[in-house]
Amino acid sequence: MLEGNSDVLWPGKPLYYAKTSGTTSGVKHIPISKESMPAHIQAARDALLNYIHQTGNTDFVKGKQIFLQGSPILDKKGDSTFGRLSGIVAHYVPKYLQKSRMPSWDTNCIEDWETKVDAVVEETIAENMTLIAGIPSWVQMYFEKLIEKSIKACRRIIQKLFFICLWRC
């Protein structure tokens, strides 16, 4: 399939190949067909609708939603298009979710995760974030960086207040 052959695992050729790092033997390429793409979108929608059904809470739509994902930049090799699944799916997010979605497209395009998570923290720290989605280890790293930055900001404020108190006393 990667060499351009059609009708191997599915009729025709895949729209995309989702790259996965895999845990056993390095990078793998998962074919994504035109017919399978709606299932990826529907899974995210169903998760949100299930949350609303289970809790009755719709307040998350009043704030910003953060989606920690792979880069939406796709690579082409011949007739094949490659990318991280979350980056591929980013091209299919409904318009009504775009206005409250974070981080920005430019930040999502950052390939290096350490650099990217720092940029995401900078973009989101002052926002009313009401929903977060992503690979659990990425979400954990985001929160750790967010807490670290918040603590540093609080220390600076406390130091300034302490200096002002000493100066006035």
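Read the figures in this text as sums done on the coordinates, not as results from a lab. Small disclaimer: the values here were computed from a predicted structure and weren't measured. Positions of Cβ are generated from backbone atoms using ideal geometry, with glycine treated the same way; all protein chains shown enter the neighbour counts.
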> Of the chain, which part is the longest with no GluC sites (Glu not before Pro) in a loop (DSSP not H, G, I, E, B) and with at most 15 other C-beta atoms within 10 angstrom?
Replying inline: 36-110
> Can you list residues whose amide H is under 5 Å from M102's amide H, if they're 5+ apart or on another chain and H is modeled 1.01 Å from N?
Replying inline: Q65, I66, F67
> Which FRET efficiency value, to the nearest 0.05, is calculated for T58 and S150 with the Förster distance at 35 angstrom and r the Cβ-Cβ distance?
Replying inline: 0.80
>> Using the basic label-point model (7 angstrom from Cα toward the beta carbon), what is the E111 to Q65 distance in nanometres?
In response: 2.9 nm
> Which of the lysines could a cross-linker span from K152 if the Cα-Cα distance has to be under 23 Å and same-chain partners fewer than 8 positions apart are dropped?
Replying inline: K116, K160
> What list of ³J(HN,Hα) couplings, whole Hz, do you get for the stretch 46-58 from phi and the Karplus terms 6.51, -1.76, 1.60, once you set θ to phi - 60° and write x for glycine and proline?
Replying inline: 5, 4, 5, 5, 5, 4, 4, 4, 6, 10, x, 8, 10
> Each residue of the stretch 77-87 in order: what ³J(HN,Hα) in whole Hz does its phi give by Karplus 6.51 cos²θ - 1.76 cosθ + 1.60, θ = phi - 60°, with x for Gly and Pro?
Replying inline: 9, x, 8, 9, 10, 10, x, 5, 4, 5, x
> From the phi of every residue in the stretch 97-112, what ³J(HN,Hα) in whole Hz does the Karplus formula 6.51 cos²θ - 1.76 cosθ + 1.60 yield, where θ is phi - 60° and glycine or proline is x?
Replying inline: 8, 5, 5, 10, 8, 9, x, 5, 4, 4, 5, 4, 7, 5, 7, 6
>> Can you tell me which of A133, A18, A47 moves the most in a GNM of the chain? Springs connect C-alpha atoms under 10 Å apart.
In response: A47
> To the nearest 20 debye, what is the magnitude of the charge dipole of the chain about its Cα centre, counting +1 on the Cβ of each Lys and Arg and -1 on the Cβ of each Asp and Glu?
Replying inline: 600 debye
>> 5 Å is the cut-off here: which amide hydrogens, built 1.01 Å from N in the peptide plane, fall below it relative to Y16, excluding neighbours closer than 5 in sequence?
In response: I32
>> With bins 10 Å wide starting at 0, give me the P(r) of the chain over every alpha carbon pair, in whole percents.
In response: 8, 29, 30, 19, 8, 4, 2, 1, 0
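Take every DSSP beta bridge whose two residues both sit in the stretch 16-168, then give the antiparallel share in percent to the nearest 5.
Details: 8 of 18 bridges.
Given both bridge residues lie in the stretch 16-168, the antiparallel proportion sits at roughly 45 percent.
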